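Read through the structure below, which is laid out as structure tokens, and then see the notes.
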Amino acid sequence: MAECLSWRCSHCGGRSAMAQTTRHPAAVPPHTTGLREFVFGPFRLNLTERSLRRHGIPVPLGARAYDLLVILVQRAGQVVRHDELIAHVWADVSVSPGTPRVHLSALRKSLGCRPDRVQYIINVPGRGYCFVAPVVMAGAPEQHHAAVGETGAIPRDPTSPVTGEAVPGQTSTGRPGRGAAAGLHKARQTSLGSALEPTDAEQFLAKPNTAHGQAAGRLSQRQGLVTETGRRGERGTSNQRIIHDGDNPEMVRRRQAISAAIALLTSVAADANLTTVRAEAPLQSSRTVTHHRTTTVDGIEMFYREAGPADGPVVLLLHGFPTSSHMFRNLIPLLADRWRVIAPDYPGFGQSAMPDRASFAYTFDRYGELVGTLLDQLGVRRYAMYVMDYGAPVGWRLALGRPDSVTGLIVQNGNAYEEGLQAFWDPIRAYWADNSPVRRDALRFLVAPETTRFQYTDGVRDISRIAPDNWVHDQALLDRPGNAEIQLDLFYDYRTNLPLYPRIQAWLRRERPPTLIVWGANDTIFPAEGAHPFMRDLPEAEMHLLDTGHFALEDKLDVMAPMIRDFLDRKSDPR
């Protein structure tokens, strides 16, 4: 089944409601197809490593966002249409026309784009997107002599003008424009082949100045580079050439040598800056570092993961069975640059205490109380909430007890409707009806290693994407003496969630929290039948059914993280 990423997919089951898009593969300029590295601003995009680095430090990007960046950089200065982006990045998947916007929003944040400051990617209304920053092609094959953004190779004739399509809304400095006269500044560096002899730039640099001399010493290892600048006037026409017709050969040669020297010195300065930053900058921002903490809540030691700015809007992540906050380990750093992320372990799970059943009631009511008290101790009053599996009944209790606290909902395979409890639940329903040792023992397979592995791999197309560490980690905790009995207690207590469903649904209709539903459609435990009913009570909710199973984050993090970030940006009210 293809990934269904339609915004309100309330009936399709992942198929029929998907928006149809005509596919026109994005044309990559032929002179860029052999290139393996591009440099823009402080960033270095390496196609061989599939990496993006800023001042030498890796920038985390999802696979889709990375592919979008590649095609936009390869066609820098050109408008890439929406359908071209979809055809290039989602060639084998059916998606809605709005899908690129979600990933581009996350990509812009990763690049540090801000309307009042730097811009790398701009939206050209009604047409598509354009990469507007100057791009340097590193490691260009000798047979290619073209600038990124041109439709073909640079002509051998050194008098050929710079041409291209103007992009509205940009000034000649690459900053947002202020009127219709704003054009696009495209500075591109490219090898010139025989058009420029290295000795010309070398002679220009061979001055007493020490920096020039150092640059000259490196020139013999590089090809000559020249910066081409094209400016567009009010009517979008090219009104400047890098080399004017009528210039005598000596002036042409001198102008080329100066351009090469400037480009080389810029490269030297950038390399020196990179070296300094690599030596002194931390490998990871302190904000995105995940802290692993333990605190006492009502006499119980509770473990929680926390990351992000202390004064940032809060995102509460509530885990499912049989895992713990461990399930969010990869998502947390992707949110923590802006949001304060808190992910607790319930008692009996993960690194939290496992008190004796004789002195502690393992119920969802008690879990809701403890998580609520933990939030109070951490000074959290309002929060967006990610609920999954057992996290849903814990979260619903928080919402019912504090109806004004929830600023937004992210629901991932977390049930609130009878329709969501299908055949998998039949033996558990029998246990609810007959709490006998026989019925209880019949459920012990649910804590066996085979079932733990099944929860991670069932419904996943490519199991190699799922790290075995997941089920090994979870099973080690399930195998602790006495833990199986705790889990059987919770299976029995799950029955208390069903009478709450009408109250939860009424709360959804009354409060109408902004909601993102991102659901593993192939989940046997909480199938897609449990996702659709949310749309009855929350018609404005955004639903995405993904082609994966129960633990969707393990398989589809690259798809889900941009969706979650975009949703939180647009919908979650931090006040």
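The values are calculated or read from the model by the stated rules, or taken from the named source; none is laboratory data. Predicted, not measured: the structure shown is a model, and the values here were computed from it. Because the Cβ atoms are built from the backbone with ideal geometry, glycine has one as well, and the counts that use them run over all protein chains shown. Ligands, DNA and RNA are stripped out before the accessible areas are found, and what is left, the full protein with its side chains, is counted by its heavy atoms. Shrake-Rupley method; radii C 1.70, N 1.55, O 1.52, S 1.80 Å.
Y494 - would you say it is of a type in the set (S, T, Y), farther than 18 Å from F321 by Cβ and over 29 Å from the mean Cα position of the chain (by Cα)? The answer is no for Y494. The condition of being open to solvent by 20 Å² or more (accessible area, probe 1.4 Å), closer than 19 Å to G350 by Cβ and of a type outside the set (D, E) does not hold for A506. Of the residues making up the stretch 373-392, not one is buried (at least 18 other Cβ atoms within 10 Å of the Cβ) and over 29 Å from the mean Cα position of the chain (by Cα). Determine whether the stretch 377-392 contains at least one residue that is assigned to a helix (DSSP H, G or I) and more than 24 Å from G520 (Cβ to Cβ). So far as the stretch 377-392 goes, yes, one or more of its residues are assigned to a helix (DSSP H, G or I) and more than 24 Å from G520 (Cβ to Cβ). If I filter the stretch 414-432 for residues that are in contact with a strand residue (DSSP E or B) (Cβ under 6 Å, 6 or more places away or on another chain), touching a residue at least 12 places away in the same chain (Cβ under 8 Å) and surrounded by 23 or more Cβ atoms within 10 Å (Cβ to Cβ), do I get at least one hit? Yes, because at least one residue in the stretch 414-432 is in contact with a strand residue (DSSP E or B) (Cβ under 6 Å, 6 or more places away or on another chain), touching a residue at least 12 places away in the same chain (Cβ under 8 Å) and surrounded by 23 or more Cβ atoms within 10 Å (Cβ to Cβ).
Taking the stated definitions as given, is F445 part of a helix (DSSP H, G or I), in contact with a Ser or Thr (Cβ under 8 Å, 6 or more places away or on another chain) and free of Cβ contacts under 8 Å to residues at least 12 places away in the same chain? Steps first, answer last, please.
Working: part of a helix (DSSP H, G or I): yes; in contact with a Ser or Thr (Cβ under 8 Å, 6 or more places away or on another chain): yes; free of Cβ contacts under 8 Å to residues at least 12 places away in the same chain: yes.
Taking the combined requirement at face value, the residue satisfies it.
For the stretch 433-448, the criterion of being buried (at least 18 other Cβ atoms within 10 Å of the Cβ), within 36 Å of the chain's Cα centre (by Cα) and at pLDDT 95 or above is satisfied by at least one residue. Every residue in the stretch 39-60 that is open to solvent by 70 Å² or more (accessible area, probe 1.4 Å) and not in a strand (DSSP E or B), please. T48, E49, R50, P60, listed by residue number.
Taken over the stretch 28-38, the criterion of being modelled with pLDDT of 85 or more and open to solvent by 30 Å² or more (accessible area, probe 1.4 Å) is satisfied by E37 alone.
Kindly list the number of the only condition in (1) part of a loop (DSSP other than H, G, I, E, B); (2) touching a strand residue (DSSP E or B) at 6+ places or on another chain (Cβ under 6 Å); (3) crowded, with 24+ Cβ neighbours inside 10 Å that fails for V518. For V518, the failing item is (1).
Looking across the stretch 481-499, the residues that are assigned to a helix (DSSP H, G or I) and open to solvent by 30 Å² or more (accessible area, probe 1.4 Å) come down to E485, D489, Y492, R495, T496, P499.
When R461 is tested against the conditions (1) surrounded by fewer than 17 Cβ atoms within 10 Å (Cβ to Cβ); (2) part of a helix (DSSP H, G or I); (3) among the basic types (K, R), the lone failure is (2).
When restricted to residues that are farther than 28 Å from W519 by Cβ, touching a residue at least 40 places away in the same chain (Cβ under 8 Å) and open to solvent by 70 Å² or more (accessible area, probe 1.4 Å), the stretch 464-480 contains 0. On the stretch given as the stretch 519-544, residues that are in contact with a Lys or Arg (Cβ under 9 Å, 6 or more places away or on another chain), of a type in the set (A, V, I, L, M, F, W, C) and more than 27 Å from A336 (Cβ to Cβ) total 2.
Taken over the stretch 540-560, residues that are assigned to a loop (DSSP other than H, G, I, E, B) and either touching a residue at least 60 places away in the same chain (Cβ under 8 Å) or touching a Gly at 6+ places or on another chain (Cβ under 7 Å) (or both) amount to 6.
Number of residues in the stretch 521-561 that are open to solvent by 10 Å² or more (accessible area, probe 1.4 Å) and more than 30 Å from D426 (Cβ to Cβ): the value is 5.
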